[in-house]
Amino acid sequence: MGALKEAARQAVDRRAEDLIGLSERLHADPETAWEEHRAAAAVPELLDRAGFDVTSSYLGLETAFLARYGSGPVRVALCAEYDALPGLGHACGHNLIAASSVGAALGLAAVADDAGLTVEVYGTPAEEGGGGKIEMLDRGAFAGVDLAMMAHPAPVDVAEARPFAVSHSRISYTGKSAHAAAYPEAGVNAADAFTVAQVAIGLLRQQLPPSARVHGVVTHAGDAPNAIPERTTGRWYVRAETLAELAELEPRVMRAFEAGALATGCELEVEPESKPYAEFRADETALGHYRANARALGREFAPPGQAARMNRASTDMGNVSQVVPAIHPYIGIGSLPATNHQREFAAHCVGGTAQRALLDGAIALAWTGVDRSAPARAAS
């Protein structure tokens, strides 16, 4: 192990208690997409105390931030996610993502001058369906970054992210209310429109590629059993291997929603929640460095199989990877049989195994940043 890596590791170890405290603080106080005001204030506190230049409300986004340290020629970015799932809290472990990214940044800051690094931490809101990183990209974030990284909790360790492209839509039908017993013929049933659409989607699945995913929830289906529902709403996701495949698939799914409107006489409104999330393009060199660094810490990567499938989950980090070199490894927290987006997984995102994953992730990412700077140091 080189001197720079050892110094980075020691810097992470010195702040271990603070990093664990940050993770637990976020876990105990979950905030959903675009509402992460307390998290967006708490996450950069350690960075500010360590001498980072912190910009709050970055690019006009209230719950985003940018923290920078150093002035070296190699720019390494860590992405901190901190939004939680509605009703499930931190069942995807974003509390650990934020803390491990902060830890990696602190490790790299300790060697930034010697390694020739500029260390950047992007506080990225609204990953859970809101496309926060896409909004940040559109406003100029990540431009010129040499490597963007984060480590995502999962049941087991998997180095390579292979997420689906995905679109997120809000669906609403508007009909006409009426007394369900006395004047049913006067009503236009918006709940029936969703029933027709979901049946059509179910039949469509037979003709979809094996990799496609179509799923959603009805968020409002009426107000009283004796009143014909006049307005219903839902949220629907469509996933495919690539953005190109998604562009072909999504119109077929939308026709199923149109069928619901046509069959019932309702009006249909489809509103995108964000721009589509892209598939991930991993930087193979950085991914190789991460694998070696994680193994040096005693991490073991899982073989392909059900436990390793979290690497197929969609992420707006895919859009970042289309613009700058990036990696998005998954780090295991020993949660099986619990998996992401379950209450049991959220419970595993604090405690001893989660703490070890947090610190290992921070160190492995920091070491990967040091590896990224090596060619520039050699050239100088």
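How far is helix 284-296 tilted off the main Cα axis of the chain, in degrees rounded to 10, range 0 to 90?
70 degrees
Can you sort Glu127, Glu344 by solvent-accessible area, 1.4 Å probe, largest first?
Glu344, Glu127
Using the alpha-carbon centroid of each, what span in Å lies between region 105-139 and region 145-166?
Each part's Cα centre sits 14 Å from the other's.
Give the accessible surface of region 190-274 per residue, rounded to a whole number of Å², with probe radius 1.4 Å and ligands, DNA and RNA excluded.
55 Å²
Calculate, for region 1-159, the solvent-accessible area per residue in square angstrom, rolling a 1.4 angstrom probe over the heavy atoms of the protein chains.
33 Å²
With viscosity set to 1.567 mPa s and temperature to 4 °C, compute the Stokes-Einstein D of region 81-158, Rh being the Kirkwood radius across alpha carbon pairs; µm²/s, no decimals. Please report the intermediate quantities before stating the final value.
Working: Rh = 14.0 Å.
Translational diffusion coefficient: 93 µm²/s.
Of Lys275, Lys133, Lys176, which has the largest mean-square fluctuation in a 10 Å C-alpha GNM of the chain?
Lys176
Mean residue ellipticity at 222 nm from the helices of the chain, using -39,500 (n - 2.57) per DSSP H segment of n ≥ 4 over the full residue count, to the nearest 500 deg cm²/dmol?
Dividing the helical sum by the residues of the chain leaves -12500 deg cm²/dmol.
Dividing the alpha-carbon radius of gyration of region 29-76 by 2.2 N^0.38 Å (N being the number of residues), what value is obtained?
So the Cα radius of gyration is 1.26 times the expected 2.2 N^0.38 Å.
In whole Å, how far is the Cα centre of region 182-249 from that of region 330-349?
About 30 Å separates the Cα centre of region 182-249 from the one of region 330-349.
Calculate, axis by axis, the spread of Cα positions in the chain along the three principal axes, and write the results as whole Å, longest axis first.
For the chain, the Cα extents along the three principal axes come out at 80, 40, 38 Å.
With just the Cα atoms of region 234-380, tell me how far they stretch along each of the three principal axes, in Å, largest first.
66, 42, 24
Could you please state how large a percent of the accessible area of the chain is carbon and sulfur, counting protein chains only and using a 1.4 Å probe? Can you show the working numbers first?
Numbers: 7850 of 15730 Å².
So the carbon and sulfur contribution to the accessible surface is 50 percent.
The values are calculated or read from the model by the stated rules, or taken from the named source; none is laboratory data. Note that the structure is a prediction, hence the values are computed from the model and not measured. Ligands, DNA and RNA are excluded from the accessible area calculation, which covers all protein heavy atoms including side chains. Shrake-Rupley method; radii C 1.70, N 1.55, O 1.52, S 1.80 Å.
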